[in-house]
Amino acid sequence: MANALKKVPENQPGEFFVDSSCIDCDTCRQLAPSTFADAGEYSYVRSQPVGEDERRLALRALLACPTSSIGTTGKVSAREAMDDFPLPITEEVFYCGFNAEASFGANSYFIHHPEGNWLIDAPRFLPFLAKKFEAMGGLRYIFLTHRDDVADAGKYAERFGAERVIHRADADAAPGAEILLEGEAPCPFGNDFLVLPTPGHTRGHCVLLYRGRFLFTGDHLAYSRARGHLIAFRNANWYSWPETIRSMEKLQDYDFGWVLPGHGERLHLPASEMRAQLRRAIEWMKSR
Ligand code: SF4
């Protein structure tokens, strides 16, 4: 629970505040950008929400915050906003919310699919969220992009008898994972899912291409608000930057229109524009 005695000084006075336990994961700024902003190494309330719609977004951010660093003065119930999760992004693709501190607040996603649902990386384990997944048909696969964003995947796997999919090179982060991927060849699951190994951020990093349109990118590729283009994380590259560039170049073989990352912003563009964005990202990476 956020501590009002530890509010960061930049907060605008009012109902919502951020305290000094913030880990600067960006989740609140993505969910409620009119309320939360970046002070450099943490978030703060730049402007108190105006109207019910903005307030609802701020409540969602409060719930999604991995460190419970967002609080409210007085008695405010966030319960009404809990039911919003998982939040639809489009069609059968959802953002789970309830980001986990264990994954430094990475985003996780849910795909509702007639042949069995997928979780992409894992949120905190909450019985409430598990019940929501259950009502949507449970989980068949849990795809883990890489070692950092495993969070409570094991608990969800146990709850649903789901199979965790991770590359062998990162598998020590998910002991007992049921499906271990090898090498760098693309690995299809049925007609709609294609796992693409993308070593670089970590040795076993992989991304998931769904229906040729949605690319779940973990910590390989994301949109940067500050730079205005797609990026990779040069300062958080644990295995090899040249390998990250090589893996990025391989993505040019695919025509996707969505980038859905663990950290950083989502991006949705016509496939031709996404291709140009990807080219720009590769050029930018080579200059780093
Ligand atoms: S979601 Fe929480 S931890 Fe993440 S930036 Fe916002 S206040 Fe900080």
- prompt: Want the number for Ala4 to Arg225: 0.36 nm per residue separation, take away the alpha-carbon distance, what's left?
  reply: 76.6 nm
message: Please give the Cα centre distance for segment 93-113 versus segment 223-250, rounded to the nearest Å.
response: 21
- line: Counting only residues 5 or more apart in sequence or on a different chain, those whose built amide H sits under 5 Å from that of Ala106 are Ala100
message: Taking θ = phi - 60°, what integer Hz values does the Karplus form 6.51 cos²θ - 1.76 cosθ + 1.60 yield along segment 99-104, in sequence order, with x for Gly and Pro?
response: 4, 9, 5, 4, 10, 6
field: Sequence-separation-based contact order of segment 199-274, relative, with Cα cut under 8 Å and 6+ spacing, percent
entry: 38
query: Which three semi-axes in whole Å describe the equivalent ellipsoid of segment 20-119, each the square root of 5 times a Cα gyration tensor eigenvalue, listed largest first?
result: 24, 16, 12
query: Share of segment 4-75's accessible area from carbon and sulfur, percent, 1.4 Å?
result: 50
message: Among Ala276, Thr90, Gly212, which residue has its Cα furthest toward the positive end of the charge dipole of the chain, with +1 on Lys/Arg Cβ and -1 on Asp/Glu Cβ?
response: Ala276
Residues in segment 213-240 that a label on Lys286 would reach, taking backbone N under 17 Å of a point 7 Å out along Cα→Cβ: 230-232
- line: When the charge dipole of segment 4-75 is computed with +1 at the Cβ of Lys and Arg and -1 at the Cβ of Asp and Glu, the Cα pointing farthest to the positive end, of Gln30, Leu63, Pro9, is that of Leu63
- line: Averaged per residue, the 1.4 Å probe accessible area of the chain, protein heavy atoms only, in Å², is roughly 43
message: Angle check, please: helix 241-250 long axis (alpha carbons) against the longest principal axis of the chain (alpha carbons), in degrees 0 to 90, nearest 10.
response: 70
- prompt: Which ³J(HN,Hα) values in Hz, rounded to whole numbers, follow from the phi angles of segment 137-148 under the Karplus curve 6.51 cos²θ - 1.76 cosθ + 1.60, where θ = phi - 60° and Gly and Pro get x?
  reply: x, x, 10, 9, 10, 10, 8, 10, 4, 5, 4, 6
query: When the chain is modelled as a GNM with alpha-carbon springs shorter than 10 Å, which of Val259, Val76, Val195 fluctuates the most?
result: Val76
- line: Which of His220, His146, His112 fluctuates most in a GNM of the chain (C-alpha springs under 10 Å)? That residue is His112
query: What relative contact order, as a whole-number percentage, does the chain give when Cα pairs under 8 Å and 6 or more residues apart are counted?
result: 11
Residues in segment 95-135 reached by a label modelled at Ile23 [backbone nitrogen below 18 Å; 7 Å Cα→Cβ]: 96-109, 121-126
message: Contact order normalised by length for segment 4-75, with contacts defined as Cα pairs under 8 Å and 6 or more residues apart; what percent is it?
response: 37
task: Indicate, rounded to the nearest 5 percent, the antiparallel portion of the DSSP beta bridges found entirely in the chain.
output: 70
message: If the only charges are +1 at each Lys and Arg Cβ and -1 at each Asp and Glu Cβ, what is the size of the charge dipole of segment 138-276 around the Cα centre, to the nearest 20 debye?
response: 300
- prompt: Ala162: net charge of surrounding residues, Cβ under 14 Å, Lys/Arg +1, Asp/Glu -1, itself excluded?
  reply: -3
statement: Scoring only Lys, Arg, Asp and Glu (+1, +1, -1, -1) among other residues with Cβ under 13 Å from the Cβ of Ile142 yields -2
query: Say we join alpha carbon atoms closer than 10 Å with springs in a Gaussian network model of the chain; which of Arg147, Arg211, Arg124 then has the biggest fluctuation?
result: Arg211
- prompt: Kirkwood hydrodynamic radius for segment 144-288: how many Å is it when counted over pairs of different Cα atoms?
  reply: 15.4
- prompt: Once both axes come from the Cα atoms, what is the angle between helix 51-64 and the longest principal axis of the chain, in degrees from 0 to 90, rounded to 10?
  reply: 60
query: How far apart, in nm, are the 7 Å Cα→Cβ label points at Glu115 and Arg46?
result: 4.4
- prompt: Once phi is turned into θ = phi - 60°, what whole-Hz ³J(HN,Hα) does the Karplus curve with 6.51, -1.76 and 1.60 give for every residue of segment 271-288, x standing for Gly and Pro?
  reply: 4, 5, 6, 5, 4, 5, 4, 5, 4, 5, 4, 5, 4, 4, 4, 5, 8, 8
task: Evaluate the charge dipole of the chain about its Cα centre and quote only its size in Debye, nearest 20, assuming +1 on the Cβ of each Lys and Arg and -1 on the Cβ of each Asp and Glu.
output: 400
- prompt: In terms of modelled amide H atoms, which long-range or inter-chain residues lie less than 5 Å from the amide H of Glu163?
  reply: Tyr141, Ile142
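The values are calculated or read from the model by the stated rules, or taken from the named source; none is laboratory data. All figures in this text were calculated on a predicted structure; none of them were measured in a lab. Every residue, glycine among them, receives a Cβ derived from its backbone with ideal geometry; neighbour counts consider all protein chains shown. Surface areas here come from the heavy atoms of the whole protein model, side chains and all, with no ligands, DNA or RNA. Shrake-Rupley method; radii C 1.70, N 1.55, O 1.52, S 1.80 Å.
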